[in-house]
Amino acid sequence: MTLTIELPDLVGEFQKEQIPDEELKAVVIAALEVWLEQRQAANAGRLAESAVPFTRRLLERNRQLFEALAQR
């Protein structure tokens, strides 16, 4: 399966910051893995959950990657 994500508003920023494709791919994969795990574990009321827990889990699981991106 191939997943194509178009981010026209962010492409310029990615290029300006010279973020390698490998790092972008790692961030997208990490975000999708966390989202999928959350989705599988959620019950019918999943839409009522705040985005804060999702964001915290994403950051905790990928701290090194985000720290490397922040230093750019």
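Some notes on this structure:
- Taking residues in segment 14-30 that are under 22 Å from ARG57 (Cβ atoms), and partners anywhere that are in a helix (DSSP H, G or I) and of a type in the set (A, V, I, L, M, F, W, C), the pairs with Cβ atoms closer than 6 Å and at least 6 places apart or on different chains are ALA26/LEU65.
- A count restricted to segment 4-58 and to residues that are modelled with pLDDT of 80 or more and assigned to a loop (DSSP other than H, G, I, E, B) stands at 8.
The values are calculated or read from the model by the stated rules, or taken from the named source; none is laboratory data. Note that the structure is a prediction, hence the values are computed from the model and not measured. Cβ: placed from backbone, ideal geometry, glycine included. Neighbour counts: every protein chain shown.
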